[in-house]
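Each remark here refers to the structure printed beneath this line.
None of the figures in this text is laboratory data; all of them are computed from the coordinates on show. Remember, it's a predicted structure, so these values are computed and weren't measured experimentally. For neighbour counting, all protein chains shown are included, and Cβ atoms are generated from backbone atoms with ideal geometry for every residue, glycine included.
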Amino acid sequence: MQARLRAEVGEAEAIVRALSPDNVGIPRGLTLEVSPEEGAVTVHLRGKARIRTFARTWNDLMINLRTATATVSSLKERNL
């Protein structure tokens with residue numbers, strides 16, 4: 001099973017760094033790759049796991065991506 005998302009974002013490097021702790025504690029059987037690509041972040045989750053485990057992991061990643069994007073955007077607006 002696999003899922004891939006390419007999100008167009010500003011400050012892709014900062015968002016990848018913010019998401020890097022999510023690579024720790026991934027359920028057994030799953031692998032996660034998060035990488036910057038020319039103004040975008042690519043998230044790739046793959047492996048063998050129960051569908052519920054896979055879906056929950058993906059959902060957690062999307063929540064964290066949204067939070068990281070909003071935080072970086074807010075800091076950028078405040079020039080921090």
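Summary of computed values
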quantity: Inter-label distance for residue 79 and residue 24, nm, one decimal - labels placed 7 Å from Cα along Cα-to-Cβ; calculated: 3.5 nm
quantity: Fluctuation leader among 46, 56, 17 - the chain, Gaussian network, Cα springs under 10 angstrom; calculated: 56
quantity: Options 14, 43, 75, ranked by Cα towards positive dipole end of the chain, top entry (Cβ charges); calculated: 43
quantity: Shape of the chain, Cα gyration tensor, a/c cut at 1.5; calculated: prolate
quantity: Counted charge near residue 38, where neighbours are those whose Cβ lies closer than 15 Å (Asp, Glu -1; Lys, Arg +1); calculated: -3
quantity: Selected from 41, 16, 24 as most flexible by GNM, with the chain as the system and alpha-carbon contacts under 10 Å; calculated: 24
quantity: The range 2-65: relative contact order as a whole-number percent, Cα under 8 Å and 6+ apart; calculated: 40 percent
